[in-house]
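Working notes, beginning with the structure itself.
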Amino acid sequence: MVEQTLVIIKPDGLKKSLTGNILTRLSETKLEIIGAKIVRVSRELAEKHYAHMRDKPFFEDLIKYIQGEFHGRRKVMALVYWGEEAIRKVREICGATNPEEADPTTIRGAYGRITTKGVYENVIHASRDNQEAEREIKLWFSPEELIVEVYPTKVVEEKVKKKVWA
Ligand code: UDP
Ligand code: MG
């Protein structure tokens, strides 16, 4: 089945100059990138992205982590990968959530670490299943930012102020 999945190179991945390595590893999947951007993650976006972790004792640290507060780089790279079994293929190359348990040949196994505070700094996020992928892609991207219409869209007329080149 053709699927789409959200990938985020987390602030530790960017700080460690791993963007190229991670994208190279992901290219082994032969999947297509249909959207990509650098994002400054707001508190609101971070909380929505990790809504399912709200009750965890490390939630606050997780929000700080994805916002880049531990790495002095307030940015992440967000991508959408698209193709046959995209979700499984990307998750496989990422490896287990806990970098210590992740196979060393996976991205998280090779580059992740557990901080003394106990946060898994695992350099990459990837959607777990179709439902999560849909929720996350719609959260991080607007339809115009993807070159494939992966979910139904509608046209609305809106009068909004927006920034254009001066
Ligand atoms: N995480 C953590 N400690 C845990 C579980 C999760 O620090 O015991 C962090 C880790 O960075 C992980 C993120 O919370 O990537 C989201 O957790 P999830 O269970 O969704 O794992 P993932 O889908 O990222 O593998
Ligand atoms: Mg998850």
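The table below gives the values:
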item: Selection status of PRO152, away from ligand 2 (no atom under 16 Å from the Cβ), surrounded by fewer than 18 Cβ atoms within 10 Å (Cβ to Cβ) and closer than 29 Å to VAL2 by Cβ; result: yes
item: Residue among VAL119, VAL90, VAL160, VAL156 that alone is touching a Leu at 6+ places or on another chain (Cβ under 7 Å) and farther than 17 Å from LYS15 by Cα; result: VAL90
item: Complete set of residues in the stretch 68-91 that are part of a helix (DSSP H, G or I) and either free of Cβ contacts under 8 Å to residues at least 24 places away in the same chain or open to solvent by less than 30 Å² (accessible area, probe 1.4 Å) (or both); result: ALA86, ILE87, ARG88, VAL90
item: Residue that is nearest to ligand 1 (Cβ to nearest atom), among those in the stretch 46-63 that are open to solvent by less than 20 Å² (accessible area, probe 1.4 Å) and among the aliphatic types (A, V, I, L, M); result: LEU62
item: Test: residue in the stretch 92-109 that is within 26 Å of GLU145 (Cα to Cα), free of Cβ contacts under 8 Å to residues at least 60 places away in the same chain and either open to solvent by less than 70 Å² (accessible area, probe 1.4 Å) or within 14 Å of ligand 2 (Cβ to nearest atom) (or both); result: yes
item: Count of the stretch 1-22 residues which are open to solvent by less than 50 Å² (accessible area, probe 1.4 Å) and more than 20 Å from VAL119 (Cβ to Cβ); result: 6
item: Some residue of the stretch 30-45 being over 21 Å from GLU136 (Cα atoms) and surrounded by fewer than 20 Cβ atoms within 10 Å (Cβ to Cβ); result: yes
item: Filtered residues of the stretch 115-131 (kept if open to solvent by 20 Å² or more (accessible area, probe 1.4 Å) and either under 17 Å from the mean Cα position of the chain (by Cα) or within 8 Å of ligand 1 (Cβ to nearest atom) (or both)); result: GLY118, TYR120, ARG128, ASP129, ASN130, GLN131
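The values are calculated or read from the model by the stated rules, or taken from the named source; none is laboratory data. All of these numbers come straight from a predicted model, not from anything done at the bench. Virtual Cβ from ideal backbone geometry, glycine too; neighbours counted across all protein chains shown. These accessible areas exclude ligands, DNA and RNA; they are computed on the full protein's heavy atoms, side chains included. Shrake-Rupley method; radii C 1.70, N 1.55, O 1.52, S 1.80 Å.
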